[in-house]
Amino acid sequence: MQWLKLKVPPPLVTAIFAAAIGLVARYLPNVALPILLRIISSIITVAMALVLFVLAHREFHAAQTTINPFQPQQASALITDGIFRYSRNPIYLAFLLLLIGWALFLANLWALLLCPPFVLYLNHFQIQEEERALESHFGERYLDYKSRVRRWL
C-alpha cells in the first residue's frame, strides 16, 4: 500500500470518510438526541474547524510557502508561529473536526468510530511522508519544532 503515500488529496480522503460516516449513520442505529443539541454541537465543531483552517491558511500565505500536500519538499519556509505553535497539522485537525461535526449532526456514535481510522490513514499515508520531506529540507530546525509541538493537538 506504499503507492498510496502522498497520492490521495487530503480533502478527498476527508470527503470519502464523510460519505462513509453518512452510510454508517444511515444503516446503524442513531442516538436519540434533540435536534437543537445536534445542530449546536455540530455548528460549534465545524466553526472550530473553519477557524483552524483559516488561521493555518493565513500562516501559509504570510510565509509565502506551498500548501500543496503532494510536494512538501518545495516548502520555502518552516511555519512555527500562530496556530502552528499548537499543532503541526492544523489543517488536518480541521478536517478531523469537520468529520466529528458531521457525525454529531447525524447523532451516530458508530459514525464517530470512523474518525480514528481517518487519523491513522493521514498519519501513515500523508503526514509521515510530509515529515520526512520537511526533516530532509529543514534538518535540525524541523526536528526541534517536531519535538516541541504535537502532530495533531
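The values are calculated or read from the model by the stated rules, or taken from the named source; none is laboratory data. Here the structure is a predicted model, which is why all the values come from computation and not from measurement. Glycine also receives a Cβ, built like all others from the backbone with ideal geometry; neighbour counts cover every protein chain displayed. Keep in mind that these areas ignore ligands, DNA and RNA; they rest on the heavy atoms of the full protein, side chains included. Shrake-Rupley method; radii C 1.70, N 1.55, O 1.52, S 1.80 Å.
Summary table
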item	result
Residue that is modelled with the lowest pLDDT [pool: residues in the stretch 70-95 that are open to solvent by less than 30 Å² (accessible area, probe 1.4 Å) and under 16 Å from PRO9 (Cβ atoms)]	PRO72
The stretch 16-65, subset among the polar types (S, T, N, Q) and over 17 Å from the mean Cα position of the chain (by Cα), residue most open to solvent (accessible area, probe 1.4 Å)	GLN64
Residue selected from the stretch 66-99 under the condition free of Cβ contacts under 8 Å to residues at least 60 places away in the same chain and under 13 Å from the mean Cα position of the chain (by Cα), by the criterion nearest to TRP152 (Cα to Cα)	PRO90
Meets criteria (open to solvent by 20 Å² or more (accessible area, probe 1.4 Å) and either within 12 Å of the chain's Cα centre (by Cα) or modelled with pLDDT under 95 (or both)) for TRP102	no
